[in-house]
Each structure stands twice: as C-alpha cells, then as structure tokens.
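Here, each number is a calculation from the coordinates, and none is a lab measurement. None of these values were measured; they are calculated from a predicted model. Cβ atoms come from the backbone with ideal geometry, glycine included; neighbour counts cover every protein chain shown.
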Amino acid sequence: MSIYIYWASLFALLCYTLGMGISAYRLLTGPTAADRVLALDTMYSNGLMALLALGLRFDSTLYFDIALLIALFGFVGSAAMAKFLLRAEVIEP
C-alpha cells in the first residue's frame, strides 16, 4: 500500500468519525423528528464511507460488501421513517 493511501485513509476516517459524532449529537438533541431522521441518515452515510475507507486501508473486499448492506438498510430505514412522519403509519391497511 502506498504511503499516500495510508495517510489519506487515516484522514478520511478521522473526518467520518467526527461527522458521526456531530450527527449523534444532533440525533440526541434535535428539536424535531425530521431533524433526528436526517441525523440518522447522515450517520448511515458516514458509517458507509468509513467502512469504504477501512476497505481501502486494509485492502479487503469484505468491507465493501458490508458497506453495501448498510446502504440498503439506511435507504429502507429512511424511507420508512419519512413515510411514518408523513402519515403516522408505516404499513397501510
């Protein structure tokens, strides 16, 4: 692995960790439910990017598969929460 990829992935991991911390703060203290849903979606995105940076750092393809699953669950969770906030029910009768 190149020394440039090593330091770039370390910097990226630090940035994504900082972003996840800020999102967690917003998730806990958000004034509205929409702010909390947006913070959770941001945490999903930052977690996905952190896993991709780890995959580059450790030169492993397993991290990319896990990141794909996190992206799928993040999308489904965000869509379900948005529908719940609009109609107050997730499953229609």
Lys and Arg at +1, Asp and Glu at -1: add these up for the other residues within a Cβ distance under 15 Å of Phe73 and post the number. -2
Cα-based helix-to-principal-axis angle, 3-29 vs the chain, degrees rounded to 10: 20 degrees
Rounded to the nearest 10 degrees, the helix 33-58 long axis (Cα) sits at an angle to the longest Cα principal axis of the chain of 20 degrees
